[in-house]
Each structure stands twice: as structure tokens, then as C-alpha cells.
Amino acid sequence: EVMVRSHVGEDGSGCLVAYVSLVPDADVTTKDLRLHLAAAMPSSMIPEWILIVPELPMTAFGKIDRARLPDPFQDAGS
């Protein structure tokens, strides 16, 4: 599963962030994902941050809970 959203940092700058939940035991890195995206779309559409998460948090209504997504500026992955 993938979810992409714009994120505004504490300094007011914005960027695209992709949250990716992979199938168990997938041997995929953020570098692999960037290379795949670079072959398919313009560089301006590629998220600045790609975070691989165990699962996307969901609300009780089955929608992605954006408030519970990790902050890309506090995560070491990109």
C-alpha cells in the first residue's frame, strides 16, 4: 500500500512524502523505489521522502489515519 501527501515542516517548507507498506519479507529499499519512480514520472513528482512503514494506520472507518503517520522530519529513512 502507498499513501502520498504533502507535508509542511516546522520551518514552513513543504515537500511530498510517500508512506509505503510492503508485503512481508519484501527485499525493496527506498533507493529501489526512487529508481522505479524516476523511470515512470518526472522528477518533480517524486516524493522527497519515502518512508517504509510496517502498515498504514487506519481509522475505525477504514480510512488512512493521517494524524498517526510518522513525521518524516523525525525519521532517519528517506
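All but one of (1) open to solvent by 60 Å² or more (accessible area, probe 1.4 Å); (2) outside any helix (DSSP H, G or I); (3) not acidic (Asp, Glu) hold for LEU35, so report the exception by its number.
Checking LEU35 against (1) open to solvent by 60 Å² or more (accessible area, probe 1.4 Å); (2) outside any helix (DSSP H, G or I); (3) not acidic (Asp, Glu), the one that fails is (2).
What are the pairs, 6+ residues apart or on separate chains, where a residue within segment 16-40 that is free of Cβ contacts under 8 Å to residues at least 60 places away in the same chain and of a type outside the set (Gly, Ala, Ser) has its Cβ under 9 Å from a residue that is part of a helix (DSSP H, G or I) and surrounded by 15 or more Cβ atoms within 10 Å (Cβ to Cβ)?
Note: pairs meeting the criteria are VAL17/PRO72; TYR19/PRO72; VAL20/THR30; VAL20/LEU33.
For segment 38-78, name all the residues that are open to solvent by 100 Å² or more (accessible area, probe 1.4 Å) and farther than 21 Å from VAL8 by Cα.
PRO54, GLU55, ALA60, PHE61, LYS63
The values are calculated or read from the model by the stated rules, or taken from the named source; none is laboratory data. Because the structure is predicted, anything quoted here is derived from the model rather than measured. Don't worry about glycine lacking a Cβ; one is built from the backbone with ideal geometry, like all the others, and counts go over all protein chains shown. Please note that ligands, DNA and RNA were not included when accessible areas were found on the heavy atoms of the full protein model with its side chains. Shrake-Rupley method; radii C 1.70, N 1.55, O 1.52, S 1.80 Å.
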